[in-house]
Amino acid sequence: MQFGEPIILGDTRLGPPVFLAPMAGITDLPFRRAVARYGAGLMVSEMVASTEMVTPRPSTRAAVRAKALTEGALPVSVQIAGREAGAMAETARIVEGMGARIVDINMGCPAKKVTGGLSGAALMRDLDHALGLIDAVVGAVSVPVTLKMRLGWDEDCLNAADLARRATDAGVRMLTVHGRTRAQFYKGQADWTRIRAVANLPGRPPLVANGDVVDAASARAALAASGAEAVMIGRGAQGAPWRLARIAHDLTGSPAPQVPQGDALADAVAEHYQDMLDFYGTDLGLRVARKHLGWYADATGAPLRDQMLRADSPAAALALIRQAFSDAPVAA
(Lines give C-alpha, C1' and ligand atoms only; values in the text may rest on other atoms or scores of the structure.)
Protein backbone atom coordinates (compact mmCIF):
# COMPACT_ATOMS: atom_id res chain seq x y z
CA MET A 1 0.00 0.00 0.00
CA GLN A 2 1.23 3.52 -0.81
CA PHE A 3 0.50 6.96 0.56
CA GLY A 4 -2.54 8.41 -1.16
CA GLU A 5 -4.40 5.12 -1.57
CA PRO A 6 -7.68 5.10 0.35
CA ILE A 7 -7.61 3.26 3.66
CA ILE A 8 -10.69 1.10 4.14
CA LEU A 9 -11.36 -0.60 7.46
CA GLY A 10 -14.34 -2.92 7.23
CA ASP A 11 -17.26 -0.85 6.03
CA THR A 12 -15.50 2.43 6.88
CA ARG A 13 -13.58 4.33 4.24
CA LEU A 14 -11.26 6.77 5.97
CA GLY A 15 -10.78 10.28 4.67
CA PRO A 16 -7.49 12.04 3.88
CA PRO A 17 -4.59 10.33 5.67
CA VAL A 18 -4.27 12.88 8.47
CA PHE A 19 -5.86 11.53 11.64
CA LEU A 20 -6.64 12.94 15.08
CA ALA A 21 -4.79 11.11 17.84
CA PRO A 22 -6.50 10.00 21.05
CA MET A 23 -5.64 12.29 23.95
CA ALA A 24 -7.02 11.64 27.43
CA GLY A 25 -9.11 14.55 28.63
CA ILE A 26 -8.78 16.33 25.27
CA THR A 27 -10.35 14.45 22.36
CA ASP A 28 -13.77 14.55 23.95
CA LEU A 29 -16.94 15.15 21.98
CA PRO A 30 -16.71 18.98 21.99
CA PHE A 31 -13.14 18.89 20.67
CA ARG A 32 -14.00 16.31 18.03
CA ARG A 33 -16.90 18.52 16.94
CA ALA A 34 -14.48 21.44 16.63
CA VAL A 35 -12.15 19.34 14.45
CA ALA A 36 -15.06 17.98 12.41
CA ARG A 37 -16.06 21.50 11.33
CA TYR A 38 -12.88 21.57 9.24
CA GLY A 39 -12.37 17.87 8.51
CA ALA A 40 -10.18 14.90 9.42
CA GLY A 41 -9.61 11.51 7.90
CA LEU A 42 -10.27 9.77 11.22
CA MET A 43 -10.87 10.90 14.79
CA VAL A 44 -10.00 8.74 17.79
CA SER A 45 -11.81 9.26 21.08
CA GLU A 46 -10.00 9.83 24.32
CA MET A 47 -8.93 6.62 25.99
CA VAL A 48 -11.65 4.65 27.79
CA ALA A 49 -10.46 2.49 30.68
CA SER A 50 -11.97 -0.98 30.47
CA THR A 51 -12.46 -1.22 34.23
CA GLU A 52 -14.36 2.06 34.16
CA MET A 53 -16.73 0.81 31.48
CA VAL A 54 -17.33 -2.61 33.00
CA THR A 55 -17.68 -1.30 36.55
CA PRO A 56 -18.42 2.41 36.09
CA ARG A 57 -17.24 4.82 38.74
CA PRO A 58 -19.88 7.21 40.07
CA SER A 59 -18.04 10.33 38.89
CA THR A 60 -19.21 13.14 36.64
CA ARG A 61 -16.11 12.93 34.46
CA ALA A 62 -16.49 9.18 33.93
CA ALA A 63 -20.14 9.59 33.02
CA VAL A 64 -19.56 12.29 30.41
CA ARG A 65 -16.55 10.53 28.92
CA ALA A 66 -18.69 7.50 28.13
CA LYS A 67 -21.43 9.69 26.66
CA ALA A 68 -21.67 10.22 22.91
CA LEU A 69 -18.33 8.60 22.12
CA THR A 70 -19.20 8.04 18.50
CA GLU A 71 -21.35 10.99 17.51
CA GLY A 72 -20.61 12.72 14.24
CA ALA A 73 -20.47 12.26 10.50
CA LEU A 74 -16.71 11.74 10.31
CA PRO A 75 -15.24 8.30 11.07
CA VAL A 76 -14.65 7.90 14.82
CA SER A 77 -12.62 5.18 16.49
CA VAL A 78 -13.03 4.49 20.19
CA GLN A 79 -9.81 3.70 22.01
CA ILE A 80 -9.90 1.28 24.92
CA ALA A 81 -7.24 0.41 27.48
CA GLY A 82 -6.75 -2.21 30.16
CA ARG A 83 -4.88 -5.34 31.16
CA GLU A 84 -7.59 -7.98 31.67
CA ALA A 85 -8.76 -9.83 28.58
CA GLY A 86 -12.32 -10.28 29.82
CA ALA A 87 -12.79 -6.62 30.68
CA MET A 88 -11.24 -5.50 27.40
CA ALA A 89 -13.51 -7.79 25.40
CA GLU A 90 -16.61 -6.60 27.26
CA THR A 91 -15.61 -2.96 26.82
CA ALA A 92 -15.13 -3.53 23.10
CA ARG A 93 -18.63 -5.02 22.90
CA ILE A 94 -20.07 -2.06 24.84
CA VAL A 95 -18.53 0.60 22.60
CA GLU A 96 -19.48 -1.34 19.48
CA GLY A 97 -23.05 -1.31 20.77
CA MET A 98 -22.77 2.45 21.28
CA GLY A 99 -21.96 2.83 17.60
CA ALA A 100 -18.17 2.61 17.39
CA ARG A 101 -17.15 1.93 13.80
CA ILE A 102 -13.59 1.04 14.83
CA VAL A 103 -12.12 -0.11 18.15
CA ASP A 104 -8.54 0.91 18.91
CA ILE A 105 -6.40 -0.78 21.57
CA ASN A 106 -4.04 1.43 23.57
CA MET A 107 -0.56 -0.01 24.05
CA GLY A 108 1.24 3.31 23.88
CA CYS A 109 0.13 5.54 26.75
CA PRO A 110 3.22 6.41 28.87
CA ALA A 111 1.39 7.90 31.87
CA LYS A 112 2.48 6.41 35.17
CA LYS A 113 -1.07 5.91 36.38
CA VAL A 114 -1.69 3.78 33.27
CA THR A 115 1.57 1.86 33.05
CA GLY A 116 1.59 1.40 36.82
CA GLY A 117 -1.56 -0.67 36.34
CA LEU A 118 0.22 -2.69 33.65
CA SER A 119 -1.80 -1.10 30.86
CA GLY A 120 -0.85 1.17 27.97
CA ALA A 121 2.83 1.06 27.01
CA ALA A 122 3.57 -1.37 29.85
CA LEU A 123 2.05 -4.10 27.69
CA MET A 124 5.04 -3.80 25.35
CA ARG A 125 7.10 -5.45 28.10
CA ASP A 126 5.01 -8.64 27.86
CA LEU A 127 4.00 -9.38 24.29
CA ASP A 128 2.38 -12.70 25.16
CA HIS A 129 0.01 -10.91 27.52
CA ALA A 130 -0.49 -8.12 24.98
CA LEU A 131 -1.52 -10.66 22.34
CA GLY A 132 -3.98 -12.23 24.73
CA LEU A 133 -5.75 -8.87 24.98
CA ILE A 134 -5.68 -8.38 21.21
CA ASP A 135 -7.12 -11.84 20.60
CA ALA A 136 -9.90 -11.18 23.12
CA VAL A 137 -10.90 -7.85 21.57
CA VAL A 138 -10.73 -9.05 17.96
CA GLY A 139 -12.87 -12.03 18.90
CA ALA A 140 -15.43 -9.92 20.74
CA VAL A 141 -16.51 -7.51 17.97
CA SER A 142 -17.40 -7.45 14.32
CA VAL A 143 -15.97 -3.99 13.65
CA PRO A 144 -12.28 -3.53 12.72
CA VAL A 145 -9.77 -3.49 15.56
CA THR A 146 -6.67 -1.30 15.36
CA LEU A 147 -3.63 -0.92 17.61
CA LYS A 148 -1.62 2.07 18.82
CA MET A 149 1.85 1.53 20.29
CA ARG A 150 5.26 3.09 20.85
CA LEU A 151 8.67 2.00 19.58
CA GLY A 152 9.02 -0.03 22.75
CA TRP A 153 9.44 0.36 26.48
CA ASP A 154 13.00 1.76 26.37
CA GLU A 155 16.21 1.51 24.33
CA ASP A 156 16.70 -2.06 25.53
CA CYS A 157 13.17 -3.06 24.49
CA LEU A 158 12.52 -1.81 20.95
CA ASN A 159 9.93 -4.37 19.93
CA ALA A 160 7.31 -2.48 17.92
CA ALA A 161 7.95 -4.64 14.87
CA ASP A 162 7.52 -7.84 16.89
CA LEU A 163 4.25 -6.60 18.38
CA ALA A 164 3.06 -5.38 14.98
CA ARG A 165 3.81 -8.72 13.33
CA ARG A 166 1.94 -10.68 15.97
CA ALA A 167 -0.94 -8.20 16.02
CA THR A 168 -1.27 -8.48 12.25
CA ASP A 169 -1.49 -12.27 12.50
CA ALA A 170 -4.17 -11.81 15.19
CA GLY A 171 -6.36 -9.74 12.89
CA VAL A 172 -5.52 -6.12 13.69
CA ARG A 173 -6.51 -3.97 10.72
CA MET A 174 -4.35 -0.85 11.18
CA LEU A 175 -1.23 0.01 13.20
CA THR A 176 -0.18 3.35 14.66
CA VAL A 177 3.32 3.83 16.03
CA HIS A 178 4.49 6.82 18.05
CA GLY A 179 8.17 7.41 17.32
CA ARG A 180 9.29 7.40 20.95
CA THR A 181 9.77 4.78 23.64
CA ARG A 182 7.76 4.86 26.82
CA ALA A 183 10.90 5.91 28.71
CA GLN A 184 11.05 9.08 26.61
CA PHE A 185 7.47 10.11 27.41
CA TYR A 186 7.21 13.22 25.16
CA LYS A 187 10.80 14.41 25.52
CA GLY A 188 13.28 14.84 22.72
CA GLN A 189 12.28 14.28 19.12
CA ALA A 190 10.19 11.50 17.70
CA ASP A 191 12.36 9.16 15.61
CA TRP A 192 10.22 8.34 12.60
CA THR A 193 13.01 6.27 10.99
CA ARG A 194 12.57 3.60 13.65
CA ILE A 195 8.95 3.15 12.57
CA ARG A 196 10.24 1.79 9.26
CA ALA A 197 10.91 -1.58 10.88
CA VAL A 198 7.13 -1.93 11.10
CA ALA A 199 6.62 -0.57 7.59
CA ASN A 200 8.94 -3.26 6.21
CA LEU A 201 6.89 -6.15 7.62
CA PRO A 202 5.41 -8.28 4.82
CA GLY A 203 1.63 -8.37 4.64
CA ARG A 204 1.13 -5.70 7.28
CA PRO A 205 -2.02 -3.55 7.42
CA PRO A 206 -1.99 0.23 6.89
CA LEU A 207 0.54 2.04 9.06
CA VAL A 208 0.18 5.44 10.72
CA ALA A 209 3.14 7.49 11.97
CA ASN A 210 2.64 9.56 15.12
CA GLY A 211 4.74 12.01 17.11
CA ASP A 212 5.79 15.64 16.48
CA VAL A 213 3.69 16.09 13.33
CA VAL A 214 2.56 19.71 13.47
CA ASP A 215 2.48 20.98 9.88
CA ALA A 216 2.77 19.86 6.27
CA ALA A 217 6.57 19.81 6.34
CA SER A 218 6.77 17.57 9.41
CA ALA A 219 4.01 15.35 7.97
CA ARG A 220 5.96 14.85 4.75
CA ALA A 221 9.13 14.14 6.72
CA ALA A 222 7.35 11.61 8.94
CA LEU A 223 5.86 9.80 5.95
CA ALA A 224 9.19 9.67 4.12
CA ALA A 225 11.19 8.50 7.14
CA SER A 226 8.69 5.95 8.42
CA GLY A 227 7.26 4.45 5.25
CA ALA A 228 3.78 4.92 6.71
CA GLU A 229 0.62 5.61 4.72
CA ALA A 230 -0.84 8.19 7.10
CA VAL A 231 0.06 10.49 9.95
CA MET A 232 -1.66 11.04 13.27
CA ILE A 233 -1.65 14.42 15.00
CA GLY A 234 -2.17 14.94 18.72
CA ARG A 235 -0.64 17.93 20.47
CA GLY A 236 -0.32 19.75 17.13
CA ALA A 237 -4.11 20.04 17.00
CA GLN A 238 -4.44 21.69 20.41
CA GLY A 239 -5.74 25.20 19.90
CA ALA A 240 -5.89 24.66 16.14
CA PRO A 241 -8.67 22.19 15.23
CA TRP A 242 -8.39 23.30 11.59
CA ARG A 243 -4.76 22.13 11.36
CA LEU A 244 -5.51 18.56 10.29
CA ALA A 245 -7.59 19.68 7.33
CA ARG A 246 -4.95 22.21 6.32
CA ILE A 247 -2.19 19.60 6.40
CA ALA A 248 -4.38 17.16 4.46
CA HIS A 249 -4.95 19.85 1.82
CA ASP A 250 -1.22 20.49 1.51
CA LEU A 251 -0.44 16.77 1.25
CA THR A 252 -3.27 15.49 -0.93
CA GLY A 253 -5.08 18.44 -2.46
CA SER A 254 -8.24 17.73 -0.45
CA PRO A 255 -10.52 20.75 0.05
CA ALA A 256 -8.77 23.59 1.85
CA PRO A 257 -10.36 24.52 5.16
CA GLN A 258 -11.54 28.05 5.76
CA VAL A 259 -9.10 28.89 8.57
CA PRO A 260 -10.93 31.39 10.79
CA GLN A 261 -9.62 34.91 11.25
CA GLY A 262 -10.83 37.91 13.22
CA ASP A 263 -14.50 37.70 14.16
CA ALA A 264 -14.76 34.23 12.59
CA LEU A 265 -11.99 33.01 14.90
CA ALA A 266 -13.78 34.50 17.91
CA ASP A 267 -16.98 32.75 16.80
CA ALA A 268 -15.18 29.40 16.45
CA VAL A 269 -13.57 29.61 19.89
CA ALA A 270 -16.83 30.78 21.47
CA GLU A 271 -18.73 27.89 19.84
CA HIS A 272 -16.24 25.34 21.19
CA TYR A 273 -16.34 27.00 24.61
CA GLN A 274 -20.13 26.92 24.77
CA ASP A 275 -20.15 23.31 23.58
CA MET A 276 -17.91 22.35 26.51
CA LEU A 277 -20.24 24.06 28.98
CA ASP A 278 -23.27 22.34 27.48
CA PHE A 279 -21.56 18.95 27.47
CA TYR A 280 -19.98 18.99 30.93
CA GLY A 281 -22.25 21.41 32.78
CA THR A 282 -21.14 24.85 33.91
CA ASP A 283 -18.94 23.98 36.87
CA LEU A 284 -16.91 21.21 35.26
CA GLY A 285 -17.10 22.88 31.85
CA LEU A 286 -15.43 26.04 33.14
CA ARG A 287 -12.48 24.00 34.39
CA VAL A 288 -12.18 21.82 31.28
CA ALA A 289 -12.36 24.85 28.98
CA ARG A 290 -9.43 26.70 30.54
CA LYS A 291 -6.77 24.49 28.96
CA HIS A 292 -8.39 24.84 25.55
CA LEU A 293 -8.56 28.64 25.83
CA GLY A 294 -4.87 28.64 26.72
CA TRP A 295 -4.03 26.52 23.69
CA TYR A 296 -6.11 28.72 21.39
CA ALA A 297 -4.30 31.80 22.70
CA ASP A 298 -0.90 30.16 22.30
CA ALA A 299 -1.66 28.97 18.75
CA THR A 300 -3.08 32.25 17.48
CA GLY A 301 -1.18 34.87 19.47
CA ALA A 302 -4.40 36.18 20.99
CA PRO A 303 -4.02 38.64 23.88
CA LEU A 304 -5.74 38.45 27.29
CA ARG A 305 -4.69 34.82 27.81
CA ASP A 306 -4.39 35.03 31.60
CA GLN A 307 -7.63 36.96 31.97
CA MET A 308 -9.54 34.33 29.98
CA LEU A 309 -8.12 31.52 32.09
CA ARG A 310 -9.09 33.31 35.31
CA ALA A 311 -12.65 34.16 34.22
CA ASP A 312 -15.07 32.77 36.80
CA SER A 313 -18.28 32.92 34.78
CA PRO A 314 -19.29 32.00 31.23
CA ALA A 315 -20.39 35.56 30.48
CA ALA A 316 -17.03 36.99 31.51
CA ALA A 317 -15.12 34.36 29.54
CA LEU A 318 -17.21 34.84 26.41
CA ALA A 319 -16.72 38.60 26.53
CA LEU A 320 -12.96 38.13 26.78
CA ILE A 321 -13.03 35.56 23.96
CA ARG A 322 -14.76 38.08 21.69
CA GLN A 323 -12.26 40.78 22.57
CA ALA A 324 -9.15 38.62 22.37
CA PHE A 325 -9.70 36.51 19.29
CA SER A 326 -11.28 39.21 17.12
CA ASP A 327 -7.93 40.98 17.46
CA ALA A 328 -5.71 37.89 17.24
CA PRO A 329 -2.88 38.13 14.67
CA VAL A 330 -3.31 35.05 12.43
CA ALA A 331 -4.73 31.60 13.14
CA ALA A 332 -1.95 29.01 13.09
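The values are calculated or read from the model by the stated rules, or taken from the named source; none is laboratory data. No experiment lies behind these values; they were computed from the predicted model shown. In this analysis, Cβ positions are derived from the backbone assuming ideal geometry, glycine residues included, and neighbour counts consider all displayed protein chains. These area figures cover heavy atoms from the full protein model, side chains too; ligands, DNA and RNA do not enter into them. Shrake-Rupley method; radii C 1.70, N 1.55, O 1.52, S 1.80 Å.
Couple of notes before you dig in:
- On the range 7-252, 51 percent of the accessible area sits on carbon and sulfur atoms, based on a 1.4 Å probe.
- 5 angstrom amide H check on M47, placed H, neighbours 5+ away: M23, A24, G25
- Computed from the Cβ-Cβ distance with R0 of 41 Å, the FRET efficiency linking S326 to D135 stands at 0.15.
- Cα-based shape type of the range 7-252, given that a ≥ b ≥ c are square roots of the gyration tensor eigenvalues and the cut on a/c is 1.5: rounded
- 3J(HN,Hα) from dihedral phi, the range 12-24, Karplus parametrisation 6.51/-1.76/1.60, rounded to Hz, x for glycine, proline: 9, 8, 6, x, x, x, 10, 10, 8, 6, x, 9, 4
- Helical content of the chain, expressed as a calculated mean residue ellipticity at 222 nm, amounts to -12500 deg cm²/dmol (DSSP H runs of 4 or more residues, -39,500 (n - 2.57) each, divided by residue number, nearest 500).
- Of the whole protein surface, Y38 contributes about 50 Å² of accessible area at a 1.4 Å probe radius.
- Accessible area per residue for the chain, computed on protein heavy atoms with a 1.4 Å probe, is 40 Å².
- Share antiparallel - DSSP beta bridges, the chain, percent rounded to 5: 5
- Spin-label pair Q258-A216: with each label point 7 Å from Cα along the Cα-Cβ axis, the two points sit 2.1 nm from one another.
- A89 sits among other residues whose Cβ lies under 13 Å from its own Cβ, and their net charge, with Lys and Arg +1 and Asp and Glu -1, is -2.
- Here the label points at R235 and C157, each 7 Å from Cα along the C-beta direction, are separated by 2.3 nm in the simple model.
- Distance between modelled label sites at A270 and Q189, nm, 7 Å Cα→Cβ extension: 4.2
- Sulfur and carbon atoms: percent of accessible area, the range 258-332 [1.4 Å]: 49
- Taking L207, L133, L320 in turn, the Gaussian network model of the chain (Cα-Cα springs below 10 Å) assigns the largest fluctuation to L320.
- Accessible surface ranking for K113, K148, 1.4 angstrom probe, highest first: K113, K148.
- In the context of the full protein assembly, L309 retains an accessible surface of approximately 50 Å², using a probe radius of 1.4 Å and ignoring ligands and nucleic acids.
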